[in-house]
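J.: Mind looking over this structure? Questions follow.
The values are calculated or read from the model by the stated rules, or taken from the named source; none is laboratory data. Everything quoted here is computed from the prediction, not taken from an experiment. Note that we place each Cβ from the backbone using ideal geometry, even for glycine, and neighbour counts take in every protein chain shown. When the accessible area is computed, the model is the full protein with side chains, heavy atoms only, and any ligands, DNA or RNA have been set aside. Shrake-Rupley method; radii C 1.70, N 1.55, O 1.52, S 1.80 Å.
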Amino acid sequence: MNRTGLFITFEGPEGAGKSTQISLLADVFRQRGRAVLTTREPGGTPLGEELRRLVKHFGGPGSVAPEAELLMFGASRAQLVRHVIRPHLEQGGVVLCDRFADSTTVYQGLARGLDPAFIERLHDFTLGDCWPDLTFVLDVSVETGFSRARARSQGAPVDRIEAEARPFHETVRQGFLALAERHPERFRVLDGEAPPAAVHRHVLECLDHALG
Ligand code: T5A
């Protein structure tokens, strides 16, 4: 891949504040004259948005086999990488993505218990060398994340994955922290419980440091 752009992803538990930070960071890049593309997973393409609807809302807990769930996330990502992310990076643009492959490693690998070696091979197949340059993990407690998500949806029904029990979401939180510890060159963990403006300042500090 002939890549001159910058690829940044945001990860974390439910309601961590990823979309909020992506929107603030996109404004900064635009002010600096960069071509910015913001996108999300699952989703970001017409096919991906269909898969998003299915993977989030098809029945309740237990209605989708973990193996099928894994492949739906993989299909959405393969499409997004080839149709959206790679072309933008090859033109020198900035891509900010709300969740990416690390979510699969943590949610389907650790929390669902699917084979991590198979998930690595799936990443090779769906991404090739299109890994992010930098990944922010916004760390929040499960309580904080859920209370934010519920407040925003004003009590509307939660989706299939959000409806999983608390230990599932604790595993997700710890999984992101462990992944960040294993790959310190790519990950930055930030306190997602801080006010949005403070989190944004930390994001910019990390970026300025990482990019010189
Ligand atoms: N998934 C995804 C997998 O299982 N495997 C995968 O491979 C992938 C890619 C996606 C679901 O799919 C799973 C993970 C998820 O369960 P989703 O709806 O996109 O579903 O869920 P989330 O990614 O968790 O997105 P959310 O929209 O719920 O959370 P965000 O984007 O992290 O949070 P945000 O910015 O929308 O903020 C939530 C609320 O909190 C407020 C905001 O104003 C908003 O109301 N807020 C703050 N409040 C106080 N302090 C702060 N610092 C705040 N930041 C935001």
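J.: Run down L51, L47, L89 and say which single residue is within 11 Å of the ligand (Cβ to nearest atom) and either in a helix (DSSP H, G or I) or open to solvent by 40 Å² or more (accessible area, probe 1.4 Å) (or both). Let's see the steps before the verdict.
T.: Values: L47 fails: within 11 Å of the ligand (Cβ to nearest atom); L89 fails: within 11 Å of the ligand (Cβ to nearest atom).
After applying the criteria, what remains is L51.
J.: Test F176 against the criterion of being open to solvent by less than 10 Å² (accessible area, probe 1.4 Å) and either without any contact (Cβ under 8 Å) to a residue 24 or more places away in the chain or outside any loop (DSSP other than H, G, I, E, B) (or both), and give yes or no. Outline the logic, then answer.
T.: On the way: open to solvent by less than 10 Å² (accessible area, probe 1.4 Å): yes; either without any contact (Cβ under 8 Å) to a residue 24 or more places away in the chain or outside any loop (DSSP other than H, G, I, E, B) (or both): yes.
Spelling it out, F176 is indeed open to solvent by less than 10 Å² (accessible area, probe 1.4 Å) and either without any contact (Cβ under 8 Å) to a residue 24 or more places away in the chain or outside any loop (DSSP other than H, G, I, E, B) (or both).
J.: Between a first residue in the stretch 196-212 that is open to solvent by 70 Å² or more (accessible area, probe 1.4 Å) and a second residue that is not in a helix (DSSP H, G or I), which pairs have beta carbons less than 7 Å apart while being 6 or more apart in sequence or on different chains?
T.: Hits for this filter: P196/G17; H202/L190.
J.: How many residues, within the stretch 94-116, are part of a loop (DSSP other than H, G, I, E, B) and open to solvent by 10 Å² or more (accessible area, probe 1.4 Å)? Steps first, answer last, please.
T.: Residues of the stretch 94-116 part of a loop (DSSP other than H, G, I, E, B): 99-100, 112-115.
Now narrow it down to the ones that are open to solvent by 10 Å² or more (accessible area, probe 1.4 Å): 99, 112-115.
Counting residues in the stretch 94-116 that are part of a loop (DSSP other than H, G, I, E, B) and open to solvent by 10 Å² or more (accessible area, probe 1.4 Å) gives 5.
J.: Yes or no: the stretch 29-41 includes at least one residue that is open to solvent by less than 30 Å² (accessible area, probe 1.4 Å) and either within 12 Å of the ligand (Cβ to nearest atom) or at pLDDT below 95 (or both).
T.: Looking for residues that are open to solvent by less than 30 Å² (accessible area, probe 1.4 Å) and either within 12 Å of the ligand (Cβ to nearest atom) or at pLDDT below 95 (or both), one finds at least one in the stretch 29-41, hence yes.
J.: Moving on. Please go through the stretch 128-149 and give me each residue that is near the ligand (Cβ under 10 Å from one of its atoms) and surrounded by fewer than 20 Cβ atoms within 10 Å (Cβ to Cβ), ordered by number. Walk me through how you get there before you give the answer.
T.: To start, the set of residues in the stretch 128-149 that are near the ligand (Cβ under 10 Å from one of its atoms) comprises 138, 140, 144-149.
T144, F146, S147, R148, A149, listed by residue number.
Matching residues to (1) among the hydroxyl-bearing types (S, T, Y); (2) under 21 Å from F73 (Cα atoms); (3) more than 11 Å from the ligand (Cβ to nearest atom); (4) exposed (fewer than 15 other Cβ atoms within 10 Å of the Cβ):
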| site | (1), (2), (3), (4) |
| --- | --- |
| F118 | no, yes, yes, yes |
| T126 | yes, yes, no, no |
| A151 | no, no, no, yes |
| E185 | no, no, yes, yes |
| G192 | no, no, no, no |
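J.: Being among the charged types (D, E, K, R), surrounded by fewer than 17 Cβ atoms within 10 Å (Cβ to Cβ) and either in contact with a His (Cβ under 9 Å, 6 or more places away or on another chain) or at pLDDT 95 or above (or both) is the filter here, so list the residues in the stretch 1-28 that pass it.
T.: Here is the first cut: in the stretch 1-28, the residues among the charged types (D, E, K, R) are 3, 11, 14, 18, 27.
From what is left, the residues that are surrounded by fewer than 17 Cβ atoms within 10 Å (Cβ to Cβ) are 3, 27.
Within the stretch 1-28, D27 is the sole residue that qualifies.
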